[in-house]
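Contents: one structure, followed by commentary.
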Amino acid sequence: MAKPLLAGNWKMHGTATSAAKLASQLADYTGEKPEIMVFPSFVSIPAVVAALSEHSEIAIGAQNISHHTEGAYTGEVSGQMLAGTGCSHVLVGHSERRTYNAENNELVAEKFAAAQASGLTPILCIGETLQQRQDRLQLQVIKAQIAAVIEKVGLQNVCNAIIAYEPVWAVGTGETATPEQAQQVHSFIRAELGEQGEDTQLLYGGSINADNAAALFAQPDIDGGLVGGASLEAEHFMNIAQQLIERK
Ligand code: PGA
């Protein structure tokens, strides 16, 4: 069975100083925790790495990666740069990047490959839009999003990564998938991965908070969460982490 994992996507919030403070607050929590991962903005990563230097149990990742290894790509950040800064993980294909930066399945697959080539573990974010769900296309959309990455790197490499199901209509909207809706997609993803994906960590993301977390985490194929808004406050995030540890 996959290990419980809670990831915080801090998006474009705060400064290096506030990110380091938040990281230190998380590190102060003692007792049993799930695997914890934080995703600050690029410029805050060094400050968070420094703040967590004695807390290797909290992993640090980036929110994006270039699909290029190096060269004349102004404004881009490579996997090698991220790994050299102390990142172990990176989000690829977050719905905000798919929407605002026109990242399609093929580009996401290239970013996924670039991450693994640099020794980073990608968190592949997938999910359908509201229109696609209304048209009952969610499983087809999910299948195509995963298939593009499998085609690029092979099934085993996808299984070695982490997958986050984040329905676009639930990200940052305050509207969460019901536990049943989330479980249906998660079990579909698990089936797509087959036997090799039995231990692959499958996260749910989209307006997780302290009130809805327990019911989501009680689902058999939900191994944890990718939390946006509720990860910006240490107490709220660790409350969710506690619910993941205590899940039924
Ligand atoms: P949210 O964001 O929890 O604020 O909906 C989730 C995410 O973007 O990963």
The chain: most fluctuating residue of D221, D135, D28 per GNM, C-alpha cutoff 10 Å: D135
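Only four residue types carry charge here, +1 at the Cβ of Lys and Arg and -1 at the Cβ of Asp and Glu. Report the dipole size of the chain about the Cα centre in Debye, rounded to the nearest 20.
Values: 14 positive and 27 negative charges, 49 e Å.
It comes to approximately 240 debye.
May I have the count of lysine pairs in region 5-247 with C-alpha atoms under 25 Å apart, counting pairs 8 or more residues apart or located on different chains? The partial results should precede the final answer.
Values: K11/K21; K11/K33; K11/K111; K21/K33; K111/K143; K111/K152; K143/K152.
Counting lysine pairs in region 5-247 gives 7.
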Most mobile listed residue (A170, A117, A218) in the chain, GNM with C-alpha springs under 10 Å: A117
Residue-normalised accessible area of the chain, expressed per residue, 1.4 Å probe, Å²: 45 Å²
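Nothing charged except the Cβ atoms of Lys and Arg (+1) and of Asp and Glu (-1): what's the magnitude of the dipole of region 1-117 about its Cα centre? Round to the nearest 20 debye.
Details: 7 positive and 11 negative charges, 41 e Å.
With only Lys, Arg, Asp and Glu charged at Cβ, the dipole is about 200 debye.
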Carbon/sulfur fraction of accessible area - the chain, other protein chains in place, 1.4 Å, %: 50 percent
Options Q219, L82, Q181, ranked by Cα towards positive dipole end of region 5-247, top entry (Cβ charges): L82
Listed residues G205, G14, G75, most fluctuating in the chain (Gaussian network, C-alpha, under 10 Å): G75
Region 5-247 - Rg and Dmax from Cα coordinates, angstrom: 16.7, 49
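The values are calculated or read from the model by the stated rules, or taken from the named source; none is laboratory data. Computed from a predicted structure; not experimentally measured. Cβ atoms come from the backbone with ideal geometry, glycine included; neighbour counts cover every protein chain shown. With ligands, DNA and RNA removed, areas are computed over all heavy atoms of the protein, side chains included. Shrake-Rupley method; radii C 1.70, N 1.55, O 1.52, S 1.80 Å.
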